[in-house]
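Participant: Below is a structure I'd like to ask you about.
The values are calculated or read from the model by the stated rules, or taken from the named source; none is laboratory data. Note that this is a predicted model, so its numbers are computed, not measured. Note that we place each Cβ from the backbone using ideal geometry, even for glycine, and neighbour counts take in every protein chain shown.
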Ligand code: HEM
C-alpha cells in the first residue's frame with residue numbers, strides 16, 4: 001500500500017524584498033518563472049497561488065507508487081494512488097477569479113470533490129407552469145403563431161431567428177434508433193436485497209438485507225423497428241440498470257435464458273438474417289421469412305433458442321408476466337477475491353403468462369402498443385410489477401463436471417442441477433416523465449459491471465462488452481452520453497476524460513492527466529477499493545475455434561421440448577409450421593425439418609404434416625458421441641411452472657353493454673373488479689351514455705370497434721332482452737365473443753345473453769362432455785355467485801381445457817390432409 005504524502009509544509013519565505021517583488025511579478029505570468037515561488041502568506045493572490053502550487057508539486061517529489069505497479073501482487077491487490085492535500089482550495093483552481101459570484105456562475109465557491117452533474121434527476125426536471133414561452137436562448141417569444149414576413153402577404157424573412165431556431169430544432173428531433181431492441185418501454189423502480197450474500201459477492205446491491213438500489217428497467221422486442229408492434233413473435237429484452245453506490249451495473253438480459261449463437265463473430269450475421277430483407281425491406285418485426293430460416297437452419301447451435309422463440313415465451317401477455325435472464329454465465333467475486341460462477345434469473349410475481357398466436361396477431365392491429373400501454377397503465381394504477389431475483393451459483397469445479405459448457409450461451413443450467421436461490425426483489429413503481437429523455441436515451445451496456453460482478457470467458461459476452469458503448473457513440477451523438485441524466489450514476493464520477501461532443505461537466509483546475517502533482521495526485525486510482533478483475537489464469541494457444549462441448553446442439557432443445565405441456569408442445573409445432581410456411585424456398589423448410597428431427601420425432605412429424613412434407617433424414621450432427629445429459633426433463637421450463645400469486649390484479653374485463661341492459665349485476669362485477677385490483681370497462685356499440693333497463697346510468701367508455709376482446713382477459717355478457725337484441729344485431733358481437741372463446745378466456749353470461757353465446761357458436765360444454773370451467777351462465781340476481789366465480793375463473797388466466805379438447809383458433813392440421821411431398 002502506498003503512503004499518501006502528508007499535507008505539504010509551508011514554503012520557505014523569500015529572503016529579500018527585491019526577490020519577493022520578483023516572485024510576485026512572476027506569479028502573474030502564464031509562462032516561465034524564477035527558481036522559487038513566493039510564500040503562501042504573500043499579500044496577493046497570484047503569489048499565494050504560485051506558492052501553493054509549488055508546495056503541492058514539491059510534496060510529491062517522485063512517483064512513490066511506481067514500483068507498486070509491477071508484479072502479480074499488484075495485479076491482485078492494486079494500491080490506491082498517492083495523493084497530497086493542497087494548502088487551500090485556491091491552489092487547484094483553474095482561475096484566481098473563480099470566486100466571482102453571479103446568477104450564472106452561482107456562489108462562485110468551488111464544489112470540492114463533487115460532481116453535481118450526477119445528482120438526482122430532480123435537478124433537470126423542468127415544468128413550464130405559469131411561464132412564458134421562450135427561445136432556447138431564454139428570449140421570450142412574442143408571437144408563436146406567425147413567421148416574420150415583409151408585409152402581411154409578403155415573403156418570409158431570413159432574419160426570423162425564432163422560426164429558424166424552432167424549425168432547425170424540429171429537423172433534428174430524431175436520433176438513430178437502436179440497431180436491435182429498437183422498440184421498448186421502461187420504468188423506474190428499485191431493487192431490494194432480501195438476502196444479503198457478502199460471502200458470494202462484494203457487489204453493493206447485495207450487502208445488506210433491506211437495502212434498496214434505484215433501477216431503471218427497459219423491456220423491448222429485438223427485431224422490429226422503433227415503430228413496430230409490441231406483440232410480434234420475438235425475444236424480449238429485459239435490461240436493468242442498477243444505480244448502485246459503487247457505480248452503474250447493467251444486467252442486460254432477455255426473457256429467454258439462452259441465445260441463438262455462441263460467438264460474437266456471428267451476431268451481425270444473425271441480425272442481418274432476421275431483420276427485414278434488404279432488397280424490399282420486408283417483413284417488419286418478424287422472423288417468418290427466408291433469410292432468417294436460411295441462416296438458423298445452417299446454424300444447428302441455434303436450435304435450442306428456436307424452441308424457446310417458437311414457444312409462447314415469445315408472445316408474452318405482458319412485460320410484467322415474463323421471466324428475465326442474464327443469459328451468460330457471470331462471476332460473483334467476494335471481498336476476499338474468491339469467485340464463483342452465477343446465472344441471474346428474474347421471476348415475475350404475477351407469474352409467467354402468454355398470448356395465443358391468433359390473439360397476438362389481432363392485438364397487433366387493435367393496439368400495437370399493447371405491452372407499452374399495459375406497463376404504463378399498471379404503474380399509474382399503483383399495480384407495481386415485481387420480480388424476484390434468483391441466483392444459480394456454482395463453482396469452476398462444478399462447471400467442469402457438467403455435460404455442457406457454461407461458456408456456451410446456447411445452454412442453460414437446469415434448475416435441477418443448480419437451484420435458483422432468491423436474493424432480492426425488483427419493483428417498478430414510477431413511469432418516466434419523458435419517453436425520449438429517459439427511455440430512448442438510456443444506454444445499457446453489458447460492460448457496465450461493478451466491483452463484485454465480473455465476466456466469464458463466454459465468447460458471446462466478450463463481443464457485447466465491446467458493442468454497446470460503440471453503438472451508443474453514434475446513436476447518442478458522441479462520447480459523453482454517460483452525462484445524459486438518465487445514464488449518469490448516483491456514484492460520483494471523476495476522471496481525466498475530457499471534451500467531446502455535448503460535454504456537460506465544467507471541470508475545475510488544469511489537471512487532466514495522471515500522475516500529477518498539480519492536482520495533489522487527484523483523482524487517484526482507488527486500488528483494491530476499485531474494480532479489480534478476477535485474475536483467472538489463462539494458459540492456452542491463441543486460436544480461433546470452439547471447445548468440443550460447444551458441438552452438442554440438440555440435447556437441451558429436446559430437454560426444453562420434453563419439459564413442455566401437451567398444449568405448449570402443440571403451440572411450438574404451430575409456430576414452426578406458421579413460420580416455415582412463410583418461407584418461399586422449399587429447401588430451407590427441408591433443412592429445418594432435418595434439424596428438428598434431431599430434437600424430437602414427434603415435433604418434426606407435426607411440423608412436416610403442417611407443411612405437407614415428409615420428415616427428411618435427420619441432419620448429421622457435429623458430434624459423434626453425444627454425452628449423457630444430467631437432466632432430461634425440467635418442469636421449471638414450462639410456463640405453467642410459474643402461475644404466480646394467483647390473483648387477478650391488473651387484469652381487464654370487458655362488460656358488453658347496449659341500451660336496455662340490466663345494470664344491477666354489472667355494477668357488482670365492476671365493483672368486484674375494483675376491489676380485486678382488476679379493471680373493467682363498459683364496452684358498447686358506441687362510446688357514450690347507455691340507457692339501462694333500471695334507469696341507472698352507465699357510460700360506455702369503449703366500443704367493440706375500438707376495443708375488441710383480444711384486449712381483455714375476460715368478457716361479461718349482460719342481461720336484458722333489448723340489450724341482447726341490440727348486441728345481436730351488431731356485426732362486431734359475434735367475433736368479439738367467439739375470439740374470447742377461441743383464445744381460452746373466461747366468459748360470464750348473464751340472463752338473456754345466452755342467446756349471444758349460441759350465435760357465436762360458443763358451447764358451455766367441452767367436446768369431452770365435461771363442463772367448460774371458463775364459461776358460466778347466471779341469472780340476473782345471482783351477483784354473489786357470479787362475482788366469485790368470475791374472480792376464480794379469471795385467475796386461471798386461460799382455460800387450456802378448451803384447447804386440449806380441440807377448441808382453439810389455430811388447431812393442429814387435420815391428419816388426413818397430408819399428401820406427402822417427399
Ligand atoms: C455479440 C452479441 C451481441 C451484440 C453485439 C449485441 C449488440 C447490441 C446492440 C448494438 C444493442 C443496441 C444498444 C443501444 O443502441 O443502446 C443491443 C441492445 C440490446 N441487447 Fe444486445 N447484443 C448481443 C447479444 C445480446 C444478448 C445475448 C442479449 C441478452 C442476453 C442481448 C440483450 C440486449 C438488450 C436487452 C438490448 C436492449 C437494451 C435496451 O433496452 O436499451 N444482446 N445489443
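Participant: Can residue 422 be described as in contact with a strand residue (DSSP E or B) (Cβ under 7 Å, 6 or more places away or on another chain) and not in a loop (DSSP other than H, G, I, E, B)?
Facilitator: Spelling it out, residue 422 is indeed in contact with a strand residue (DSSP E or B) (Cβ under 7 Å, 6 or more places away or on another chain) and not in a loop (DSSP other than H, G, I, E, B).
Participant: Looking at this structure, is residue 693 in a loop (DSSP other than H, G, I, E, B) and more than 44 Å from the chain's Cα centre (by Cα)?
Facilitator: The answer is yes for residue 693.
Participant: Give me the residue from segment 345-374 that is in contact with a helix residue (DSSP H, G or I) (Cβ under 6 Å, 6 or more places away or on another chain) and assigned to a strand (DSSP E or B) and, out of that set, nearest to residue 440 (Cα to Cα).
Facilitator: 348
Participant: Name every residue in segment 130-174 that is within 43 Å of the chain's Cα centre (by Cα) and part of a strand (DSSP E or B), in order of residue number.
Facilitator: Within segment 130-174, 134, 140 meet the criteria.
Participant: Given (1) surrounded by 19 or more Cβ atoms within 10 Å (Cβ to Cβ); (2) more than 10 Å from the ligand (Cβ to nearest atom), where does residue 240 come up short, assuming only one miss?
Facilitator: All conditions are met except number (2).
Participant: Quick one: which residue in 189, 224, 247, 253 is assigned by TED's automatic domain parsing to the domain that holds residue 324, within 20 Å of residue 393 (Cβ to Cβ) and crowded, with 17+ Cβ neighbours inside 10 Å?
Facilitator: 253
Participant: Starting from residues that are surrounded by fewer than 18 Cβ atoms within 10 Å (Cβ to Cβ) and closer than 21 Å to residue 177 by Cβ, keep the ones in segment 260-275 and report whichever is nearest to the ligand (Cβ to nearest atom).
Facilitator: The extreme case among them is 267.
Participant: Could you please give the count of residues in segment 466-481 that are farther than 15 Å from residue 181 by Cβ, near the ligand (Cβ under 9 Å from one of its atoms) and either buried (at least 18 other Cβ atoms within 10 Å of the Cβ) or outside the structural domain of residue 249 (by TED's automatic domain parsing) (or both)?
Facilitator: Number satisfying all stated conditions: 0.
Participant: Among the candidates 231, 303, which residue alone is outside any helix (DSSP H, G or I) and either more than 20 Å from the chain's Cα centre (by Cα) or more than 16 Å from the ligand (Cβ to nearest atom) (or both)?
Facilitator: The match here is 231.
Participant: Now, a different point. Mind listing whichever residues of segment 127-185 are exposed (fewer than 10 other Cβ atoms within 10 Å of the Cβ) and at positive phi?
Facilitator: 130, 138, 151
Participant: When residue 490 is evaluated against the numbered criteria (1) over 28 Å from the mean Cα position of the chain (by Cα); (2) at negative phi, which criterion, by number, is the only one it fails?
Facilitator: Exception for residue 490: condition (1).
Participant: Restricting to segment 301-332, give me the number of residues that are over 26 Å from residue 186 (Cα atoms) and crowded, with 24+ Cβ neighbours inside 10 Å.
Facilitator: Qualifying residue count for the region: 6.
Participant: Test each condition in (1) more than 16 Å from the ligand (Cβ to nearest atom); (2) out of contact with any helix residue (DSSP H, G or I) (no Cβ under 7 Å at 6 or more places or on another chain); (3) more than 28 Å from residue 544 (Cβ to Cβ) for residue 402 and report the one that comes out false.
Facilitator: (3)
Participant: So which of 434, 457, 429 ends up being free of Cβ contacts under 8 Å to residues at least 40 places away in the same chain and more than 9 Å from the ligand (Cβ to nearest atom)?
Facilitator: 434
Participant: Now for a separate question. Could you tell me whether any residue of segment 639-656 is outside any loop (DSSP other than H, G, I, E, B) and over 33 Å from the mean Cα position of the chain (by Cα)?
Facilitator: yes
Participant: So in segment 205-222, with the set limited to residues that are in a loop (DSSP other than H, G, I, E, B) and away from the ligand (no atom under 16 Å from the Cβ), which one is nearest to the chain's Cα centre (by Cα)?
Facilitator: 211
Participant: Kindly provide the set of residues from segment 33-68 that are surrounded by 13 or more Cβ atoms within 10 Å (Cβ to Cβ) and within 25 Å of residue 527 (Cβ to Cβ), ordered by number.
Facilitator: If the condition is that a residue be surrounded by 13 or more Cβ atoms within 10 Å (Cβ to Cβ) and within 25 Å of residue 527 (Cβ to Cβ), then 56, 57, 58, 59, 60, 63, 64, 65, 68 are the ones that fit.
Participant: Consider residue 226 carefully, then state whether it is within 30 Å of residue 572 (Cα to Cα) and either away from the ligand (no atom under 13 Å from the Cβ) or modelled with pLDDT of 95 or more (or both).
Facilitator: yes
Participant: Could you list, ordered by first residue, the pairs with Cβ atoms under 9 Å in which the first is in segment 333-361 and on the phi > 0 side of the Ramachandran plot and the second is buried (at least 19 other Cβ atoms within 10 Å of the Cβ) and assigned to a helix (DSSP H, G or I), at least 6 apart or interchain?
Facilitator: Final answer for the pair search is 351/321; 351/639.
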